[in-house]
Amino acid sequence: MTQNTTSFGQAILDRADQLARFSDAEAGLTCAFLTPAHRAAQAQLAQWMEEAGMSVRIDAIGNVIGRYAADAAVGDSARVLMTGSHFDTVRNGGRYDGRLGILLPIAVVGALNAAGIRLPYHFEVVGFAEEEGLRFKTSFLASSVLAGRFDPALLDRQDVDGVTLRDALAASGLPGGGELPALQAAAVDPASLLGFVEVHIEQGPVLLHHGLPLGIVTQIAGSSRFQVRVEGLASHAGTTPMGMRKDAAAGAAEMILLVEQRCGEVPTLVGTVGQLQVPEGSSNVIPAACMFSMDIRAGEDGIREAAIADIVAGIQRIAARRGLTAKVERVPPVNNAPCARWLMDQFGAVLKKRGLQVFELPSGAGHDAMMMQRVTDVAMLFVRCGNGGISHNPLETITADDARQAAEVFVDFLRHFQPLPAMRR
Ligand code: GLV
Ligand code: MN
Ligand code: MN
């Protein structure tokens, strides 16, 4: 390929900057599912895909899917190698989380197209519309639709304004209007897939610590999320003796410390309470209710499930002792997802050929590849995260040179890609 790939890196970073201008908040980057900023980002991605030489469709959940059609000589038998990541963000997030895994393959397709190079398979780039769970407190909404694993109960889930997912989809103008059959029909046929590969910023300090630009992911840690509602009794802050209170917030505080203590007991186990509210609280009223989120993850499903059992039992014990009630609502969990050795090895071969160290590491963060792993083999290429490895934070950063190296590796990977022989599938 004669294309000068040195321009890849900065071009990808520039596009991440441009995409970050579409934000729900004036300060920083927040891009929640189906907000005006989110729709603008979706349209921008579709335009860039078309300009790169792809045909584009938008599915019933808002995924933007660009196809770089296979070499005509392959004919109708061509199957699909898929890549992609999400374009929604956490509140005040970073501009590369998810987006790098869309923008980088678009740049790669643009370069292949400009050089007149076609691949012997269809190559699809997916901009997944929702992964973070910010608006509807779920996760992997978009990849669950593509993987045919959408949970219909989620349609009744409400955002903070009481808008259900069903109504948000109906009002969106997306194809299918939020009807369940349309969401189910958007599932990809697993038999058509050759695999799914995702490029993502590492979101941690490991590659930075080892002085390496790229890493190959071995597995993605499973995760479980919960919403907990603790209820007590509102009463006067000045007159109710300390021993006679049913304080929902004090109970929640004890529960949160239990999450921290239990998850600190085992390496790879992590637990986070990232949202905490006293709804309609007043400074002079004992809290009648307190709500908090819990996010629990581990590299092994058994370790995560054991911790969850202990924590849920502990929450009920704390509630009973304090005269409170606690309702624990679980978002469908996502289990640990192993990456496929045959795909990892093809990335490894490219790294080796380019004189780069073949470094493998697990992912503690969740990724769309976890959901796609339910229907096809997956692999992930991690790109070094600067600023100490910080992510889910506006300080998240990568260098243009690391983006360039990742794009060059990706080009080589695509050009030398060997499907798994049918008998091993
Ligand atoms: C996604 O970023 C997650 O790991 O929660
Ligand atoms: Mn994220
Ligand atoms: Mn991400």
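Looking at Thr164, is it more than 20 Å from Tyr68 (Cα to Cα), polar (S, T, N, Q) and away from ligand 2 (no atom under 16 Å from the Cβ)? Spell out the reasoning first.
Working: more than 20 Å from Tyr68 (Cα to Cα): yes; polar (S, T, N, Q): yes; away from ligand 2 (no atom under 16 Å from the Cβ): yes.
Yes.
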>> If I filter the stretch 219-234 down to residues being open to solvent by less than 20 Å² (accessible area, probe 1.4 Å) and within 16 Å of ligand 3 (Cβ to nearest atom), which single residue comes out as nearest to Leu276 (Cα to Cα)?
In response: Ser223
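Name the one entry in Val109, Val125 that is crowded, with 22+ Cβ neighbours inside 10 Å, aliphatic (A, V, I, L, M) and either in the same structural domain as Ile296 (by TED's automatic domain parsing) or in contact with a Pro (Cβ under 6 Å, 6 or more places away or on another chain) (or both). First the steps, then the outcome.
Details: Val109 fails: either in the same structural domain as Ile296 (by TED's automatic domain parsing) or in contact with a Pro (Cβ under 6 Å, 6 or more places away or on another chain) (or both).
Criteria check complete, one pass: Val125.
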>> Given the options Ala326, Ala289, Ala307, name the one that is in contact with a Leu (Cβ under 9 Å, 6 or more places away or on another chain) and open to solvent by less than 30 Å² (accessible area, probe 1.4 Å).
In response: Ala307
> How many residues does the stretch 232-270 contain that are outside any helix (DSSP H, G or I) and either of a type in the set (A, V, I, L, M, F, W, C) or in contact with a helix residue (DSSP H, G or I) (Cβ under 6 Å, 6 or more places away or on another chain) (or both)?
Replying inline: 7
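In the stretch 203-213, is there at least one residue being outside the structural domain of Gly389 (by TED's automatic domain parsing), assigned to a loop (DSSP other than H, G, I, E, B) and either among the small types (Gly, Ala, Ser) or in contact (Cβ under 8 Å) with a residue 24 or more places away in the chain (or both)?
First, the residues of the stretch 203-213 that are outside the structural domain of Gly389 (by TED's automatic domain parsing): none.
No, the stretch 203-213 contains no residue that is outside the structural domain of Gly389 (by TED's automatic domain parsing), assigned to a loop (DSSP other than H, G, I, E, B) and either among the small types (Gly, Ala, Ser) or in contact (Cβ under 8 Å) with a residue 24 or more places away in the chain (or both).
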> For Ala147, all conditions in the list (1) within 15 Å of ligand 1 (Cβ to nearest atom); (2) farther than 21 Å from His416 by Cα; (3) over 12 Å from the mean Cα position of the chain (by Cα) hold save one; what is the number of the exception?
Replying inline: (1)
> Does at least one position in the stretch 206-218 carry a residue that is under 21 Å from Ile315 (Cα atoms) and surrounded by fewer than 16 Cβ atoms within 10 Å (Cβ to Cβ)?
Replying inline: no
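Which residue, of Leu112, Leu29, Leu104, Leu100, is within 22 Å of Ser172 (Cβ to Cβ) and touching a strand residue (DSSP E or B) at 6+ places or on another chain (Cβ under 8 Å)? Steps first, answer last, please.
Working: Leu112 fails: within 22 Å of Ser172 (Cβ to Cβ); Leu104 fails: within 22 Å of Ser172 (Cβ to Cβ); Leu100 fails: within 22 Å of Ser172 (Cβ to Cβ).
Exactly one of Leu112, Leu29, Leu104, Leu100 is within 22 Å of Ser172 (Cβ to Cβ) and touching a strand residue (DSSP E or B) at 6+ places or on another chain (Cβ under 8 Å), namely Leu29.
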> Is it fair to say Gly53 is more than 15 Å from ligand 3 (Cβ to nearest atom), open to solvent by less than 10 Å² (accessible area, probe 1.4 Å), small (Gly, Ala, Ser) and more than 18 Å from the chain's Cα centre (by Cα)?
Replying inline: no
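Is one or more of the residues making up the stretch 66-73 closer than 15 Å to Val188 by Cα, more than 16 Å from ligand 1 (Cβ to nearest atom) and assigned to a strand (DSSP E or B)?
Going residue by residue through the stretch 66-73, those that are closer than 15 Å to Val188 by Cα are 66-67.
Of the ones still in play, those that are also more than 16 Å from ligand 1 (Cβ to nearest atom) are 66-67.
Applying the additional criterion that residues be assigned to a strand (DSSP E or B) yields 66-67.
Within the stretch 66-73, one or more residues are closer than 15 Å to Val188 by Cα, more than 16 Å from ligand 1 (Cβ to nearest atom) and assigned to a strand (DSSP E or B).
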>> I'm trying to understand the selection: among the residues of the stretch 203-229, which are of a type in the set (Lys, Arg) and within 19 Å of the chain's Cα centre (by Cα)?
In response: Arg225
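Restricting attention to the stretch 139-149, does a residue exist that is within 24 Å of Ala41 (Cα to Cα), open to solvent by 10 Å² or more (accessible area, probe 1.4 Å), touching a residue at least 24 places away in the same chain (Cβ under 8 Å) and in contact with an Asp or Glu (Cβ under 8 Å, 6 or more places away or on another chain)?
Within the stretch 139-149, the subset within 24 Å of Ala41 (Cα to Cα) is 139-147.
Those still in the list that are open to solvent by 10 Å² or more (accessible area, probe 1.4 Å) too: 139.
From what is left, the residues that are touching a residue at least 24 places away in the same chain (Cβ under 8 Å) are 139.
Then drop every residue that is not in contact with an Asp or Glu (Cβ under 8 Å, 6 or more places away or on another chain), which leaves 139.
Yes, the conditions are met somewhere in the stretch 139-149.
Which residue out of Arg67, Arg39 is in contact with a Ser or Thr (Cβ under 6 Å, 6 or more places away or on another chain) and modelled with pLDDT of 95 or more?
Working: Arg39 fails: in contact with a Ser or Thr (Cβ under 6 Å, 6 or more places away or on another chain).
So the residue among Arg67, Arg39 that is in contact with a Ser or Thr (Cβ under 6 Å, 6 or more places away or on another chain) and modelled with pLDDT of 95 or more is Arg67.
Of all the residues that make up the stretch 123-174, how many are among the acidic types (Asp, Glu) and either under 26 Å from Trp48 (Cα atoms) or part of a strand (DSSP E or B) (or both)?
Going through the stretch 123-174, the residues among the acidic types (Asp, Glu) turn out to be 124, 130-132, 151, 156, 159, 161, 167.
The next check asks that each one be either under 26 Å from Trp48 (Cα atoms) or part of a strand (DSSP E or B) (or both); those that pass are 124, 130-132.
Of the residues in that region, 4 qualify.
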> Quick one: would you say Ser77 is touching a residue at least 60 places away in the same chain (Cβ under 8 Å) and over 17 Å from Arg135 (Cβ atoms)?
Replying inline: no
>> Every residue in the stretch 1-21 that is open to solvent by 60 Å² or more (accessible area, probe 1.4 Å) and modelled with pLDDT of 95 or more, please.
In response: Gln10, Asp14, Arg15, Gln18, Arg21
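Of all residues in the stretch 361-418 being of a type in the set (S, T, N, Q), within 13 Å of ligand 2 (Cβ to nearest atom) and crowded, with 17+ Cβ neighbours inside 10 Å, which is nearest to Ala129 (Cα to Cα)? Before the answer, list the steps.
Step one: of the stretch 361-418, the residues of a type in the set (S, T, N, Q) are 363, 373, 376, 387, 391, 393, 397, 399, 405, 418.
Imposing the further condition that a residue be within 13 Å of ligand 2 (Cβ to nearest atom) reduces the set to 363, 391, 393.
Retained after the next criterion (residues that are crowded, with 17+ Cβ neighbours inside 10 Å): 363, 391.
Numbers: Ser363: 21, Ser391: 19 Å.
Filtering first and then ranking leaves Ser391.
Report yes if Arg297 is modelled with pLDDT of 95 or more, buried (at least 20 other Cβ atoms within 10 Å of the Cβ) and of a type in the set (Lys, Arg), otherwise no. Spell out the reasoning first.
Numbers: modelled with pLDDT of 95 or more: yes; buried (at least 20 other Cβ atoms within 10 Å of the Cβ): yes; of a type in the set (Lys, Arg): yes.
When the stated conditions are applied, Arg297 passes them.
The values are calculated or read from the model by the stated rules, or taken from the named source; none is laboratory data. None of these values were measured; they are calculated from a predicted model. No Cβ is skipped: glycine too gets one built from the backbone with ideal geometry, and neighbour counts run over all protein chains shown. With ligands, DNA and RNA removed, areas are computed over all heavy atoms of the protein, side chains included. Shrake-Rupley method; radii C 1.70, N 1.55, O 1.52, S 1.80 Å.
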